[in-house]
Amino acid sequence: MSEAAPPIDVAIAGATGVVGQRFIEGLQSHPYFRLVAVAASDRSAGQTYGEAVNWQLDSGLPPDVAGMTVLPVADLVGHEARVVFSALPSKVAGPAETDLADAGKAVLSNASSHRMDRYVPLLIPEVNPEHLSLALQQPGDGFIVANANCSSIGLTLAVAPLEQEFGIAEMHVFTGQALSGAGYPGVSALDIVDNVIPYIEGEEEKLRTEPAKMLGSAFRPADIEVRVTTTRVNVTDGHLIAAHIMLQEGADLDQIHRALEDFRGLSDVQNLPSAPERPVHVHYEANRPQPRLDRDAEGGMAVSVGRIRQAGKLGRRAVDLVALIHNTKRGAAGQSILNAELAFRRGLFYRP
Ligand SMILES: NC(=O)c1ccc[n+]([C@@H]2O[C@H](COP(=O)([O-])OP(=O)(O)OC[C@H]3O[C@@H](n4cnc5c(N)ncnc54)[C@H](OP(=O)(O)O)[C@@H]3O)[C@@H](O)[C@H]2O)c1
């Protein structure tokens, strides 16, 4: 697709929430996309966006968006926007995203509802760009492309170089997930201040299944056993993920560092507008990565990996590491925008 083509009109469903706000930030002055509509629940519909939203981001609410009237999500079905970025809660996203795709929209989803559907790509352009062609096998002119869960994206980006070079047999994973991951208003202050909550509903199943779908071929998930515990911690943004990995093939620490350092993705992915120069940043300091220091690496689109160790008597197949992802940027809106950029570049928005 010619990059000189006029921008494509896009809408955001779930625009007033935590992820919706990141979409607005990420779509400002975008070279491929022009935001023409925002939609949310009946609570917000009919108000201006500025009235409906509790804006949380340092970047400030763009005045042109503040003046837009919030639509009910159902109104996007007949809307002129070709692309809909969805930041809807999963309980409403399932049927709403299907209706939008049936109406010919390209839907870039953050919800879990369609992630494991056979023909819905669960996409990270640097990891599995070939999965995008699954979208063309969905019926009609519309389609759904999904993001994985925020921790699944962070884990998958961090271990993809190891899966590609050495194969992964098994991972034990422990997460400390930020408050913004629970949406707005999220977790009650009385529950989380001075505390860690050792359970996040529905989250562990996603980490068990989604990385395997992304690291496998289109219809065959990678054969990786994942055991996982997810926790909520008192951090605003940035999910920390400790992974204890058993490789299929032994490697020494230098080989592991090199695999992570050299990881880039295909050349037509590398120069997409939102793609980081290096999707994985490797840290050698003992106390990194940290949410406050590292979540905004390359605009929040790079994952940081550190504390890379080999686990003593388990030998060269055992690797431990800690990864960090900005959950609402690379883990949500930024990831969807990057997916849409790849779809744009590969001509999917111009299906006859
Ligand atoms: N937060 C993260 O880090 C993160 C990361 C990855 C994926 N996700 C996924 O992204 C989606 C959005 O998450 P979030 O954190 O942004 O949630 P959120 O802050 O709770 O925002 C939800 C949005 O959906 C709208 N909405 C709620 N109920 C609706 C309904 N019945 N009909 C139409 N719109 C409705 C809300 O509008 P009103 O303001 O009008 O209520 C709001 O705009 C979820 O599926 C979540 O699992 C989130």
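Among the residues that make up the range 32-39, is at least one of them in a strand (DSSP E or B), away from the ligand (no atom under 16 Å from the Cβ) and under 26 Å from Asn149 (Cα atoms)?
Among the residues of the range 32-39, at least one is in a strand (DSSP E or B), away from the ligand (no atom under 16 Å from the Cβ) and under 26 Å from Asn149 (Cα atoms), which makes the answer yes.
Give the range 140-170 a look and list any residue that's buried (at least 24 other Cβ atoms within 10 Å of the Cβ) and assigned to a strand (DSSP E or B), or say none.
Hits for the range 140-170 are Phe143, Ile144, Val145, Ala146, Ile168.
Every residue, every condition in (1) modelled with pLDDT of 95 or more; (2) closer than 18 Å to Gln28 by Cα; (3) assigned to a loop (DSSP other than H, G, I, E, B), yes or no:
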{"position": "Leu321", "(1), (2), (3)": "yes, no, no"}
{"position": "Gln335", "(1), (2), (3)": "yes, yes, no"}
{"position": "Asn339", "(1), (2), (3)": "yes, yes, no"}
{"position": "Phe349", "(1), (2), (3)": "no, no, no"}
{"position": "Pro352", "(1), (2), (3)": "no, no, yes"}
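Only one of (1) within 24 Å of Ala297 (Cβ to Cβ); (2) within 13 Å of the ligand (Cβ to nearest atom) is not met by Ile168, so which one is it?
Exception for Ile168: condition (2).
Filter the range 221-238 for residues that are assigned to a strand (DSSP E or B) and more than 23 Å from His131 (Cβ to Cβ) and give the result. Show your work before the answer.
Of all residues in the range 221-238, those assigned to a strand (DSSP E or B) come to 225-232.
Correct list: Arg227, Thr229, Thr230, Thr231, Arg232.
Just give me the residues in the range 51-73 being of a type in the set (Gly, Ala, Ser) and surrounded by fewer than 15 Cβ atoms within 10 Å (Cβ to Cβ), in sequence order.
In the first step, residues of the range 51-73 are kept if they are of a type in the set (Gly, Ala, Ser); the result is 52, 59-60, 66-67.
Of everything in the range 51-73, those that are of a type in the set (Gly, Ala, Ser) and surrounded by fewer than 15 Cβ atoms within 10 Å (Cβ to Cβ) turn out to be Ser59, Gly60, Gly67.
Show the residue pairs that are 6+ apart or on different chains and have beta-carbon atoms under 8 Å apart, the first residue being within the range 263-278 and touching a residue at least 12 places away in the same chain (Cβ under 8 Å) and farther than 19 Å from Asp296 by Cβ, the second being among the small types (Gly, Ala, Ser) and surrounded by 20 or more Cβ atoms within 10 Å (Cβ to Cβ).
Taking only residues 6 or more apart or on different chains, the pairs are Phe263/Ala160; Gly265/Ala275; Val269/Ala275.
So, in the range 320-341, of the ones that are crowded, with 24+ Cβ neighbours inside 10 Å and of a type in the set (A, V, I, L, M, F, W, C), which residue ends up nearest to the ligand (Cβ to nearest atom)?
Here the residue is Ala332.
Which residues, counting only those in the range 138-163, are aliphatic (A, V, I, L, M) and within 9 Å of the ligand (Cβ to nearest atom)?
Let us first name the residues in the range 138-163 that are aliphatic (A, V, I, L, M), namely 144-146, 148, 153, 155, 157-160, 162.
Result: Ala148, Ile153.
Which ones in the range 258-270 are over 13 Å from Ser304 (Cα atoms), at pLDDT 95 or above and in a loop (DSSP other than H, G, I, E, B)?
Correct list: Arg264 only.
Give the range 294-319 a look and list any residue that's free of Cβ contacts under 8 Å to residues at least 40 places away in the same chain, part of a helix (DSSP H, G or I) and on the phi < 0 side of the Ramachandran plot, or say none.
Once the filter is applied, which keeps residues that are free of Cβ contacts under 8 Å to residues at least 40 places away in the same chain, part of a helix (DSSP H, G or I) and on the phi < 0 side of the Ramachandran plot, the range 294-319 yields Ala297, Lys313.
Would you check which residues across the range 11-31 are more than 7 Å from the ligand (Cβ to nearest atom) and β-branched (Val, Ile, Thr) and list them?
The answer is Ile12, Ile24.
So, in the range 302-315, of the ones that are surrounded by fewer than 16 Cβ atoms within 10 Å (Cβ to Cβ) and among the basic types (Lys, Arg), which residue ends up farthest from Gly265 (Cα to Cα)? Show your work before the answer.
Filtering the range 302-315 down to residues surrounded by fewer than 16 Cβ atoms within 10 Å (Cβ to Cβ) leaves 309, 311-315.
Then drop every residue that is not among the basic types (Lys, Arg), which leaves 309, 313.
Details: Arg309: 24, Lys313: 33 Å.
Within the range 302-315, the match that is farthest from Gly265 (Cα to Cα) is Lys313.
With the range 56-123 as the region, which strands (runs of 3 or more DSSP E) entirely inside it contain at least 3 residues that are more than 30 Å from Ser217 (Cα to Cα) and within 14 Å of the ligand (Cβ to nearest atom)?
Working: elements: 70-72, 83-86, 106-109.
Of the strands (runs of 3 or more DSSP E) lying wholly inside the range 56-123, those with at least 3 residues that are more than 30 Å from Ser217 (Cα to Cα) and within 14 Å of the ligand (Cβ to nearest atom) span 70-72.
In the range 76-101, what residues are of a type in the set (D, E, K, R) and surrounded by 15 or more Cβ atoms within 10 Å (Cβ to Cβ)? Explain how you work it out, then say what you get.
Let us first name the residues in the range 76-101 that are of a type in the set (D, E, K, R), namely 80, 82, 91, 97, 99.
Scanning the range 76-101 gives Arg82, Glu97, Asp99.
Can you find a residue in the range 180-202 that is away from the ligand (no atom under 16 Å from the Cβ), surrounded by fewer than 20 Cβ atoms within 10 Å (Cβ to Cβ), assigned to a strand (DSSP E or B) and in contact (Cβ under 8 Å) with a residue 24 or more places away in the chain?
Scanning the range 180-202, I find no residue that is away from the ligand (no atom under 16 Å from the Cβ), surrounded by fewer than 20 Cβ atoms within 10 Å (Cβ to Cβ), assigned to a strand (DSSP E or B) and in contact (Cβ under 8 Å) with a residue 24 or more places away in the chain, so the answer is no.
Residues checked against (1) touching a residue at least 60 places away in the same chain (Cβ under 8 Å); (2) among the aliphatic types (A, V, I, L, M):
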site: Ile24; (1), (2): no, yes
site: Ser29; (1), (2): no, no
site: Tyr32; (1), (2): yes, no
site: Ser44; (1), (2): no, no
site: Gly60; (1), (2): no, no
site: Val84; (1), (2): yes, yes
site: Lys91; (1), (2): no, no
site: Leu123; (1), (2): yes, yes
site: Phe143; (1), (2): yes, no
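Of all residues in the range 124-139, count the ones that are more than 15 Å from the chain's Cα centre (by Cα) and either in a loop (DSSP other than H, G, I, E, B) or under 18 Å from Leu71 (Cβ atoms) (or both).
Of the residues in the range 124-139, 2 are more than 15 Å from the chain's Cα centre (by Cα) and either in a loop (DSSP other than H, G, I, E, B) or under 18 Å from Leu71 (Cβ atoms) (or both).
Taking the range 19-31, which residues are surrounded by fewer than 24 Cβ atoms within 10 Å (Cβ to Cβ) and either in a helix (DSSP H, G or I) or basic (Lys, Arg) (or both)? Quick ask: steps written out before the conclusion?
Quick first cut of the range 19-31, residues surrounded by fewer than 24 Cβ atoms within 10 Å (Cβ to Cβ) only: 25, 27-31.
Correct list: Glu25, Leu27.
The values are calculated or read from the model by the stated rules, or taken from the named source; none is laboratory data. In this text, all values refer to a predicted model and were calculated from it rather than measured experimentally. No Cβ is skipped: glycine too gets one built from the backbone with ideal geometry, and neighbour counts run over all protein chains shown.
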